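Scroll down for the structure; my scribbles are underneath it.
The values are calculated or read from the model by the stated rules, or taken from the named source; none is laboratory data. Everything numeric here is computed off the predicted structure, so don't read it as measured data. Here the Cβ is made from the backbone with ideal geometry for all residues, glycine too, and neighbour counts use every protein chain on show. Protein only, heavy atoms only, side chains kept; ligands, DNA and RNA dropped before computing areas. Shrake-Rupley method; radii C 1.70, N 1.55, O 1.52, S 1.80 Å.
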Amino acid sequence: MASAKVFVLRTCDGETFEIDESVAYVSETIKNMIEDGFGHDLIPLPNVSSKILLKVIEYCRKHVSNFESSKKTSNGDEKDKDNDSWKKEKEAVPEVEKDAEEKARVEELKEWETTFIDIDQQVLFDLLQAANYLNIKGLLVMAAEKAASMIRGKTPEQIRETFNIKNDFTPEEYEDIRKKDAMNDFTPEEYEEIRKKIADNHFTPEEYEQIRKENAWAIE
Amino acid sequence: MRGQDLINTVLPDEMLVEIFCHLDGLKSSCDSCSLVCKKWLKIERLSRRTVRIGASRNPDAFVKLLVQRFVNVRNVYIDERLPVSPPFQFGYPIIHGPPPATKKRRYSKNARSSLEPLHASKDSRSESRDLEPFSLSDAGLVTLADGFARLEKLSLVWCSNVTSVGIKSVAEKCKSLKTLDLQGCYVGDQGLAAIGECCKQLEDLNLRFCEGLTDTGLVELARGCGKSLKAIGIAVCAKITDISLEAVGSHCTLLQTLSLDSEFIQNKGVLAVARGCSSLNVLKLQCINVTDEALLAVGTFCSSLELLALYSFQRFTDRSLCAIGNVCKKLKSLTLSDCYFLSDKSLEAIATGCGELAQLEVNGCHNIGTAGLEAIGRSCPGLSELALLYCQRIGNSALFEVGRGCKLLQALNLVDCSNIGDDAICNIAQGCRNLKKLHIRRCYEIGDKGIIAVGENCKFLTDLSLRFCDRVGDAALIAIGQGCSLRYLNVSGCHQIGDAGLIAVARGSPELVYLDVSVLQNLGDMALSEVGEGCPLLKDIVLSHCRQITDVGLAYLAKKCTRIESCHMVYCPFITSAGVATVVSSCVNIKKVLVEKWKVSQRTRRRAGSILSYLCMDL
């Protein structure tokens, strides 16, 4: 790392935190503030509590160290540096194309991520807000994905139970919406499957003829 | 209330939108969210970004509904070929069988590709013709454009009533349009010109089967949004000629993808694109009148080329492929289909020059033989997908080299390769241990020995298809069952396979999702019950022409594999209406059953008429 420049952040509850430049730059908001000349004194973060900022800094530090080690094992280029690399890790990549070290790094990262985001709802939602305010895309995606995973596949009643939400529909309103929702709308998977089946000619003309000849028996 | 409702008190609406976007438009989850509480209903409606619909009885009214309900939609896909989903019956007609598009004959010299599924029912074809007046009209499209001003992707597939009028309003109202797909629509030049004038961010354009377009329209579009265009697809547009391509070559300098299927394009056009679009990444040509001259130009100017696909009786010779091999060092994917004049020299040149080659398909190129493939095996260590179709001249030693050199091979597809036998497959199995997909069809020299080797060596295999390989028997499947956990299995027509083989696979593949055992005369109820026991995730099953299976086996299967969504069982003499009824009642997710009409009782027809497809007797 070129410079060992350090910045000081202050939370809404008065606590201060010192972080390196590379860690600070993970947040686009902080990066912009520094580039606009506000880095000499304390950088105030009135919307973030110390409890949450600790978590955020933990994420940023991991992000930086992960990027450094990925540069060593693969030919990571500047593209990897942006926060989208978290999302890319999730996409399926054939195991053998990475060598052993790289594989281990990815595994470790996945485990770290799972532990990191295993938090109660209050912390999760505060983290989500902080990631949005501080403009840290990877953290925002991770937190939003965790919240979405708590919704996916559940019935309305189950979702309400998970989040303690009150059902404020009248029975008539509820029925009305439910009926309107049952419309002709495919998921991406259904769409692809149907398109493939339309294109898929189960037997070739030759095969079909062959089978017909072999199986000539009266239907009626 | 036990706990606090944090999600609604702590998070602002934008954060809820962000969370809902991660549901990926999964309809069931989105629908559930809209029923949680009033706030979530409002936000869910606001956060919907994508709408995908098929044919519906009154698409114009339907679009009005969508526009009122979801105001932030960015992507709309309307495909008039797709039938309405069975469970949703609001008096909509249920269409089974071929898409209404069959009235337009697809230009194809390749007799092997047929657009119409063979089990088509003549009734549904005439029924669907009657429905044509009900496809999306210009008025509907205007409503859509009005309602979704921030539209980014619009796909109108076979919407035959849409004309330039509708497209013009899209152009004027949806200036952020990035992707436009007008497959099979009769749009005219004014529509395209309007797009060129207004949609300066257009990146992706698909004009397949847009028979109403002429050069005028495309030239205007190229002039208007040439700077942003990255991908263009043209097929069977009789009035689009080299003139359009010359305009593309001069205005679309950032073009990356070009897909051309037309006998009206000649060398001049392709040359212009090659010269003008040096960032060309993907090139697919099915143009019978294009020759070496054009491809040589590609081989001179397009050094960024990564994907090259040449289809259907092209007249290219080794000269152009050698030029490609020399210059296009980044080539990753090559498809050569029916290129009669190409010989081993072409593949050798590609092998020498394109070391990063990852995908290769050779289809019916009768002058390419073993030597060409050997060269690939020796020089392309990154090869991950190989398909050899109708390659009678390629022999075992070709696959020896592939097995030795291509350790990263994941997918192998062999169709009608009569000279490839067990030894070749053994070599592949031992050399390419990362094999995930193996498809073999009508390769009569391949038998148990080769497949046993696969079972012993390829632990990652999940997709196996052995169709009409009459030397493959139970021993092969037993080895597969012991070594691999499959998700897809197709052994249609391998008539030596019986219960023992299937039972072994059923025991070894708990994640099996797709099973095709059609035309297996020796398969009986025992196998079906083992599949029921061992494969609870099964979604699709094909049992047609299995003469020995009866209602008993079928019932056992249906009761255990409750997730089955489709079941084909025609020409099974011992399956009766009782069996059909059991399938329909036990499989709660069932979406399609193909069976003889007379095997369906009145009661079953009443319960599940919409999901039943009948074998057409007149064929």
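If you filter the stretch B:20-76 down to residues that are facing chain A (nearest Cβ under 8 Å), under 19 Å from residue A:168 (Cα atoms) and out of contact with any Phe, Trp or Tyr (no Cβ under 9 Å at 6 or more places or on another chain), you find that the one that is surrounded by the most Cβ atoms within 10 Å (Cβ to Cβ) is B:32.
Working only within the stretch B:571-592, note down all residues that are assigned to a loop (DSSP other than H, G, I, E, B) and touching a helix residue (DSSP H, G or I) at 6+ places or on another chain (Cβ under 9 Å). Break it down into steps so the answer makes sense when it comes.
Let us first name the residues in the stretch B:571-592 that are assigned to a loop (DSSP other than H, G, I, E, B), namely B:571-576, B:587-591.
Of everything in the stretch B:571-592, those that are assigned to a loop (DSSP other than H, G, I, E, B) and touching a helix residue (DSSP H, G or I) at 6+ places or on another chain (Cβ under 9 Å) turn out to be B:571, B:572, B:574, B:575, B:576, B:587, B:590, B:591.
When A:159, A:165, A:177 are checked against the criterion of being assigned to a loop (DSSP other than H, G, I, E, B) and modelled with pLDDT of 75 or more, A:165 stands alone in meeting it. Residues considered: B:234, B:265. Of these, the only one that is under 16 Å from residue B:182 (Cβ atoms) and either modelled with pLDDT under 95 or outside any helix (DSSP H, G or I) (or both) is B:234. With the structure loaded, tell me whether residue B:416 is free of Cβ contacts under 8 Å to residues at least 60 places away in the same chain, closer than 25 Å to residue B:493 by Cβ and touching a helix residue (DSSP H, G or I) at 6+ places or on another chain (Cβ under 7 Å) or whether it fails that test. Against the criterion (free of Cβ contacts under 8 Å to residues at least 60 places away in the same chain, closer than 25 Å to residue B:493 by Cβ and touching a helix residue (DSSP H, G or I) at 6+ places or on another chain (Cβ under 7 Å)), residue B:416 does not qualify.
Conditions (1) open to solvent by 10 Å² or more (accessible area, probe 1.4 Å); (2) under 21 Å from the mean Cα position of the chain (by Cα), marked per residue:
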| residue | (1), (2) |
| --- | --- |
| B:182 | no, yes |
| B:228 | yes, no |
| B:238 | yes, no |
| B:245 | no, no |
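Every residue, every condition in (1) out of contact with any strand residue (DSSP E or B) (no Cβ under 8 Å at 6 or more places or on another chain); (2) at pLDDT 95 or above, yes or no:
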{"residue": "B:229", "(1), (2)": "no, yes"}
{"residue": "B:241", "(1), (2)": "yes, no"}
{"residue": "B:278", "(1), (2)": "yes, no"}
{"residue": "B:289", "(1), (2)": "yes, no"}
{"residue": "B:312", "(1), (2)": "no, no"}
{"residue": "B:318", "(1), (2)": "yes, no"}
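Looking at B:155, B:169, B:128, which one is open to solvent by less than 20 Å² (accessible area, probe 1.4 Å), within 13 Å of chain A (Cβ to nearest Cβ) and at pLDDT 90 or above? Every option except B:155 fails the conditions. Considered as a group, the residues in the stretch A:117-137 that are surrounded by fewer than 20 Cβ atoms within 10 Å (Cβ to Cβ) and under 13 Å from the mean Cα position of the chain (by Cα) include one that is farthest from the other protein chains (Cβ to nearest Cβ), and that residue is A:117.
Of the listed requirements (1) β-branched (Val, Ile, Thr); (2) more than 19 Å from residue B:534 (Cα to Cα); (3) surrounded by fewer than 20 Cβ atoms within 10 Å (Cβ to Cβ), residue B:462 misses just one: (2).
Taking only the stretch B:540-563 into account, find how many residues are in a loop (DSSP other than H, G, I, E, B), touching a helix residue (DSSP H, G or I) at 6+ places or on another chain (Cβ under 7 Å) and open to solvent by less than 30 Å² (accessible area, probe 1.4 Å).
We begin by selecting, within the stretch B:540-563, every residue in a loop (DSSP other than H, G, I, E, B); these are B:543-550, B:561-563.
Going one step further and asking which of them are touching a helix residue (DSSP H, G or I) at 6+ places or on another chain (Cβ under 7 Å), we end up with B:545, B:549-550, B:561-562.
Checking the rest, the ones that are also open to solvent by less than 30 Å² (accessible area, probe 1.4 Å) come to B:545, B:549, B:561.
Of the residues in the stretch B:540-563, 3 are in a loop (DSSP other than H, G, I, E, B), touching a helix residue (DSSP H, G or I) at 6+ places or on another chain (Cβ under 7 Å) and open to solvent by less than 30 Å² (accessible area, probe 1.4 Å).
For the condition over 23 Å from residue B:299 (Cβ atoms) and either among the aliphatic types (A, V, I, L, M) or open to solvent by 40 Å² or more (accessible area, probe 1.4 Å) (or both), residue B:420 qualifies.
Taking the options B:299, B:403, B:364, name whichever one is within 23 Å of residue B:429 (Cβ to Cβ) and open to solvent by less than 50 Å² (accessible area, probe 1.4 Å). Spell out how you get there, then give the answer.
Details: B:299 fails: within 23 Å of residue B:429 (Cβ to Cβ); B:364 fails: within 23 Å of residue B:429 (Cβ to Cβ).
The match here is B:403.
Please count how many residues of the stretch A:1-27 are among the charged types (D, E, K, R) and surrounded by 14 or more Cβ atoms within 10 Å (Cβ to Cβ).
Adding up the residues that qualify gives 3.
Taking the stretch B:593-608 as the range and being without any contact (Cβ under 8 Å) to a residue 60 or more places away in the chain and under 25 Å from residue B:513 (Cα atoms) as the test, the residues that pass are B:593, B:595, B:596, B:608. Restricting attention to the stretch B:367-406, the residues that are within 12 Å of chain A (Cβ to nearest Cβ) and closer than 14 Å to residue B:355 by Cα total 4.
When you scan the stretch B:605-612, do you find a residue that is open to solvent by 20 Å² or more (accessible area, probe 1.4 Å) and in contact with a strand residue (DSSP E or B) (Cβ under 9 Å, 6 or more places away or on another chain), even just one?
Looking for residues that are open to solvent by 20 Å² or more (accessible area, probe 1.4 Å) and in contact with a strand residue (DSSP E or B) (Cβ under 9 Å, 6 or more places away or on another chain), one finds at least one in the stretch B:605-612, hence yes.
For residue B:478, indicate whether it is open to solvent by less than 20 Å² (accessible area, probe 1.4 Å), in contact (Cβ under 8 Å) with a residue 12 or more places away in the chain and touching a helix residue (DSSP H, G or I) at 6+ places or on another chain (Cβ under 9 Å). Spelling it out, it is not the case that residue B:478 is open to solvent by less than 20 Å² (accessible area, probe 1.4 Å), in contact (Cβ under 8 Å) with a residue 12 or more places away in the chain and touching a helix residue (DSSP H, G or I) at 6+ places or on another chain (Cβ under 9 Å).
Within the stretch B:53-80, residues that are at negative phi and of a type in the set (Asp, Glu) reach partners that are in a strand (DSSP E or B) and buried (at least 21 other Cβ atoms within 10 Å of the Cβ) with beta carbons closer than 8 Å, at six or more positions or on different chains, in the pairs B:79/B:53; B:79/B:157; B:80/B:157.
Are any residues in the stretch B:198-214 among the acidic types (Asp, Glu) and either modelled with pLDDT of 95 or more or open to solvent by less than 10 Å² (accessible area, probe 1.4 Å) (or both), and if so, which ones?
Passing the criteria: B:203, B:204.
Yes or no: residue B:379 surrounded by fewer than 24 Cβ atoms within 10 Å (Cβ to Cβ) and touching a Gly at 6+ places or on another chain (Cβ under 8 Å)? Outline the logic, then answer.
On the way: surrounded by fewer than 24 Cβ atoms within 10 Å (Cβ to Cβ): yes; touching a Gly at 6+ places or on another chain (Cβ under 8 Å): yes.
The answer is yes for residue B:379.
All conditions in (1) in contact with a Leu (Cβ under 9 Å, 6 or more places away or on another chain); (2) surrounded by fewer than 21 Cβ atoms within 10 Å (Cβ to Cβ); (3) under 20 Å from residue B:230 (Cβ atoms) hold for residue B:258, with the sole exception of (2).
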